């Protein structure tokens, strides 16, 4: 039987043409996409596949000089709610209840924060403790999103808060050491570039480029936590005892410029921090560094140092005190209008005679005296590693409003405004052999690998010679120890010091309002510690010697005992 | 279909598939097996890689969690050794502030510092025993020629 053949027909032609057209379109489109638009789609696919994550660096910790932790970062969680998943009120209520139980947040406030929001993620809590966050993750709460964060923890509570400062919600320093050393503490964030799947997870062994985060350095302060606590407690007790407005206590190593304790009042307290309260925000500045005051008779130490070093006087040079001196029709008097007669320069310091200070300054000479003020660091920053330092104010020869009266008043610490830190560093230079040092809050940094780098001592200048410094020490020793009893003589150590009682100008008029102070160092021959006590506007109107002196003495005894320095004080030696 | 239903005259009666011809079928079978295994291998490898990848992610998460716990523990240690806590605990167990220390000076030299136990010291440095390896000797011998 012959094979039959298919008959040709025109009805096949139309579908064939249509199919061919369709195929041509498809091929053309493929060519367009894969050939002409290849780069565009490849880039789009690349962007779709590729994801970037920032790896945040761990912020460095802050330690005291002995390695005790003062500030460190801990892991926390920020909690977000996916509003879309909480559209179901039952789901929302159950989830909110779980979150409320774990975090202590009010359940209604959680629900209210998501109320009316259709899409997006809503932040409901920041810096939730780490364990709490883990509990919520394990509980797999519907609609809850947890993001890692970190928060600053202060194991010592409010201790040294005004020195440490604070950080913001972006973990950047806003005040204090946290701000000044932000570039050291912050570290370098890392980056990860990777290919991700549709779920957003990294594709194993796909493209993966990682730049590791470099953790921040730890900072070792010069502050000793025990001495800081002593200073803060002593200051608070003094303010209460003398009904004062505030004050400062500084404990310094005069040979290195290391600040061992720096207590101020009013001061920042973490337990009372409220950035919505302008009064609390003002406490972010450190009054011992940012606020100025007229130092009063403590300045006579500098005047005497200038006079001794210039050779204008020696400790036994005498002058006749008549109780006052007239300069350009202005009468400058001694405290309580005392008249002392013939006095030596040492007695000028012992009795804090204003006219004696004027005598010394006049003997030095106007320009030379101001050169010494400049050499001792007045009128310019000390260079301390802390933000917001004030430079101080003083009129100088050549200023349009300067007069000879300024020379006189500046010699005993009026008409010149300084910060407590400036005053301390100047006195330290006068008694440590004549070296003006840059004060330091930080002594070393420690890298994430554990490499410790000490910060070198900086000598700003040498305002006086070592022999002049020895003479000043001896003179100041006679201020504290020559009389049978002096309120500022330590029990266990030889010491030297000077008081200050400065009137405060209120509405450009001096009245009874005063700032009292006492600066003291010990041991006398080889000073290891310098203490400065300042009390503002004490209502009992006691002098610097009577009120601040005993505090300085007690702190010297306590500090040197703590540092295991053998006592050499006459009271101690006699008692043995 | 016509070819199947109408075989050429004289051809053997058909109605069933050809019988396997020994050698050719074994080779085919072998080829199929090899191809199958070869095809299966990347699948298994990919699966293993993916599993390892998820393991790595999991380990990374564990590492982050452990690092977080370490920082929490360090903070806890700092808090437990903080001055306020030490003071409070000292008061609770009946300690009182110390009186002034009494300093005693003596002319006798202090005792020698305590020796560190051997297990905390680094091990003795390894000393080379015998001659250098033959390849080093050869290099040393060749060195003058260079």
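The values are calculated or read from the model by the stated rules, or taken from the named source; none is laboratory data. What you see is a predicted model, and the numbers here were worked out from it, not measured in a lab. Note that each Cβ is placed from the backbone with ideal geometry, even for glycine, and that neighbours are counted across all protein chains shown.
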If we keep only residues of the range A:483-505 that are within 30 Å of the chain's Cα centre (by Cα) and over 22 Å from residue A:304 (Cα atoms), then the residue farthest from the other protein chains (Cβ to nearest Cβ) is A:505
Taking the range A:63-91 and keeping only residues that are assigned to a strand (DSSP E or B) and within 11 Å of another protein chain (Cβ to nearest Cβ), one is left with A:63, A:69, A:70, A:71, A:72, A:73, A:74, A:75, A:76, A:77
Only unsatisfied item for residue A:366, checking (1) touching a helix residue (DSSP H, G or I) at 6+ places or on another chain (Cβ under 6 Å); (2) crowded, with 21+ Cβ neighbours inside 10 Å, is (2)
When every residue in the range A:133-148 that is crowded, with 19+ Cβ neighbours inside 10 Å and touching a strand residue (DSSP E or B) at 6+ places or on another chain (Cβ under 7 Å) is compared, the one nearest to the other protein chains (Cβ to nearest Cβ) is A:133
Note on the range A:109-148: residues touching a helix residue (DSSP H, G or I) at 6+ places or on another chain (Cβ under 6 Å), in a loop (DSSP other than H, G, I, E, B) and within 30 Å of residue B:76 (Cα to Cα) are A:141
Condition set surrounded by 13 or more Cβ atoms within 10 Å (Cβ to Cβ) and within 16 Å of residue A:225 (Cβ to Cβ), scope the range B:67-85, selection farthest from the other protein chains (Cβ to nearest Cβ): answer is B:85
Q) In this structure, does residue A:307 turn out to be assigned to a helix (DSSP H, G or I), without any contact (Cβ under 8 Å) to a residue 60 or more places away in the chain and within 23 Å of residue A:461 (Cβ to Cβ)? A) yes
Checked the range B:87-110 for anything more than 12 Å from chain A (Cβ to nearest Cβ) and either within 50 Å of the chain's Cα centre (by Cα) or not in a loop (DSSP other than H, G, I, E, B) (or both); matches are B:89, B:90, B:91, B:92, B:93
Within the range A:386-404, is there a residue that is crowded, with 23+ Cβ neighbours inside 10 Å and touching a helix residue (DSSP H, G or I) at 6+ places or on another chain (Cβ under 7 Å)?
yes
By residue number, the members of the range A:456-465 that are touching a strand residue (DSSP E or B) at 6+ places or on another chain (Cβ under 9 Å), in a loop (DSSP other than H, G, I, E, B) and buried (at least 16 other Cβ atoms within 10 Å of the Cβ) are A:463
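Determine, yes or no, whether residue A:183 is within 30 Å of residue B:60 (Cβ to Cβ), modelled with pLDDT of 90 or more and surrounded by fewer than 22 Cβ atoms within 10 Å (Cβ to Cβ).
Values: within 30 Å of residue B:60 (Cβ to Cβ): yes; modelled with pLDDT of 90 or more: yes; surrounded by fewer than 22 Cβ atoms within 10 Å (Cβ to Cβ): yes.
For residue A:183, the condition - within 30 Å of residue B:60 (Cβ to Cβ), modelled with pLDDT of 90 or more and surrounded by fewer than 22 Cβ atoms within 10 Å (Cβ to Cβ) - is met.
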Result of the Cβ filter at 8 Å on the range B:41-66, keeping first residues that are without any contact (Cβ under 8 Å) to a residue 60 or more places away in the chain and more than 11 Å from chain A (Cβ to nearest Cβ) and partners that are surrounded by fewer than 10 Cβ atoms within 10 Å (Cβ to Cβ) and assigned to a helix (DSSP H, G or I), at least 6 apart or interchain, is none
message: Condition first: within 30 Å of residue A:385 (Cβ to Cβ), modelled with pLDDT of 90 or more and away from chain B (no Cβ under 13 Å). Can you find one or more residues in the range A:96-106 that meet it?
response: no
